[in-house]
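Notes follow the structure.
The values are calculated or read from the model by the stated rules, or taken from the named source; none is laboratory data. Remember, it's a predicted structure, so these values are computed and weren't measured experimentally. Positions of Cβ are backbone-derived with ideal geometry, glycine not excepted, and every protein chain shown enters the neighbour counts. The accessibility values were calculated without ligands, DNA or RNA, using every heavy atom of the protein model including side chains. Shrake-Rupley method; radii C 1.70, N 1.55, O 1.52, S 1.80 Å.
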Amino acid sequence: MRPIGTATRGTTNPNRLRRMDRWIAATHGPALRRADRPVAVDLGYGAAPWTAVELLHRLRTAEPRTAVVGIEIDPERVAAAKPYEREGLTFRHGGFEIPLPERPDLIRAANVLRQYDEGEVAAVWRRLCARLAPGGLLVEGTCDEIGRRHVWVALGPEGPRTVTFATRLASLDRPSDLAERLPKALIHRNVPGEPVHAFLRDFDRAWAAAAPYAALGARQRWITAVRALSGDWPLADGVRRWRQGEITVKWAALQPNP
């Protein structure tokens, strides 16, 4: 079968996806431990295999049996990654069809759909979710070049579940700075009248109100702002994740208007 999709620019850097990986290990680790043979896919890992290598290391802190398969649509990138194969880490040529005999327990697609049209995203999500094992997770999102700012959507076989905003707090001027890293399904919806715009507006207001806590550090200001935000928005995490510079919101609250 010819791979489904188109090649990305291939831009990648070591540690670029560390925030996403740590969130996956923390929140999806129990599901990996329940799996008979846990398999994770790094879809569209790019011109160098660093993100797949790092994903293996981070997921094995949660479940040492986890295997990672890097999948790339560009055969030259696959050939370049082959020397990095090791126990538990392999690389394959492919695309959105996910050319594996088994259904993976995790598919991570970071900075892949950014180049696609918004109207194509839902079909790609459905295709990838259909390849997940029962209880599996698809994580699809975008980050900046050095991993300071991320936004990703987590999806199960049934569809989207949550949206997570994650940042290096010391680099943050205001929460709406994260808007530039919204995934394709949301980035064009950051306009008045759309839920994601209202969320970021309210987050900026809570951040401004929490300014006195900046004297205690950016983390305390963030936690205070998020706690205030939780009164009006359905959050799916708690202070343990907030301390990492994260906030996870239920998808139903942010999904675009029809």
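Side notes on the structure shown:
- Figure legend. Inter-residue proximity from region 153-173: first residues modelled with pLDDT under 95, second residues among the hydrophobic types (A, V, I, L, M, F, W, C) and part of a loop (DSSP other than H, G, I, E, B), beta-carbon distance below 8 Å, spacing 6+ or different chains. Indicated pairs: Pro157/Leu132.
- Selection count, region 163-203, where residues are out of contact with any strand residue (DSSP E or B) (no Cβ under 9 Å at 6 or more places or on another chain), over 17 Å from Arg18 (Cα atoms) and open to solvent by 40 Å² or more (accessible area, probe 1.4 Å): 10
- Residue match in region 47-57 (condition: under 15 Å from Val139 (Cα atoms) and either open to solvent by 30 Å² or more (accessible area, probe 1.4 Å) or not hydroxyl-bearing (Ser, Thr, Tyr) (or both)): yes
- Total residues in region 1-46, condition open to solvent by less than 60 Å² (accessible area, probe 1.4 Å) and either in a helix (DSSP H, G or I) or among the aliphatic types (A, V, I, L, M) (or both): 21
- When the residues of region 231-258 are filtered to those that are assigned to a loop (DSSP other than H, G, I, E, B) and either among the hydrophobic types (A, V, I, L, M, F, W, C) or at pLDDT below 95 (or both), the one that is farthest from Ala26 (Cα to Cα) is Pro258.
- Contact annotation: residue pairs with Cβ atoms under 9 Å, 6 or more positions apart or on different chains, pairing a residue in region 33-62 that is without any contact (Cβ under 8 Å) to a residue 24 or more places away in the chain and more than 18 Å from Gly94 (Cβ to Cβ) with a partner that is buried (at least 20 other Cβ atoms within 10 Å of the Cβ) and not small (Gly, Ala, Ser), are His57/Asp21.
- Selection within region 204-229 - open to solvent by less than 50 Å² (accessible area, probe 1.4 Å) and among the polar types (S, T, N, Q): Thr224
- Hey, Trp242 touching a residue at least 60 places away in the same chain (Cβ under 8 Å), of a type outside the set (S, T, N, Q) and surrounded by 15 or more Cβ atoms within 10 Å (Cβ to Cβ) or not: no
- Selected residue [among the charged types (D, E, K, R) and either at pLDDT below 95 or open to solvent by less than 50 Å² (accessible area, probe 1.4 Å) (or both)] from Arg103, Arg149, Arg92: Arg149
- Annotation: Arg131 fulfils all but one of (1) at pLDDT 95 or above; (2) under 21 Å from Arg181 (Cα atoms); the unmet one is (2).
Okay, residues lined up against (1) modelled with pLDDT of 95 or more; (2) closer than 25 Å to Glu145 by Cα; (3) not hydrophobic (A, V, I, L, M, F, W, C):
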residue	(1), (2), (3)
Asn13	no, yes, yes
Ala26	yes, yes, no
Ala67	yes, no, no
Glu85	yes, yes, yes
Arg108	yes, yes, yes
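- Of all positions in region 71-84, at least one carries a residue that is open to solvent by less than 30 Å² (accessible area, probe 1.4 Å), of a type in the set (Val, Ile, Thr) and closer than 30 Å to Glu180 by Cβ.
Yes or no, residue by residue, for (1) touching a residue at least 40 places away in the same chain (Cβ under 8 Å); (2) over 18 Å from the mean Cα position of the chain (by Cα); (3) within 29 Å of Gly135 (Cβ to Cβ):
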site: Pro175; (1), (2), (3): yes, no, no
site: Val196; (1), (2), (3): yes, no, yes
site: Trp207; (1), (2), (3): no, yes, no
site: Ala215; (1), (2), (3): no, yes, no
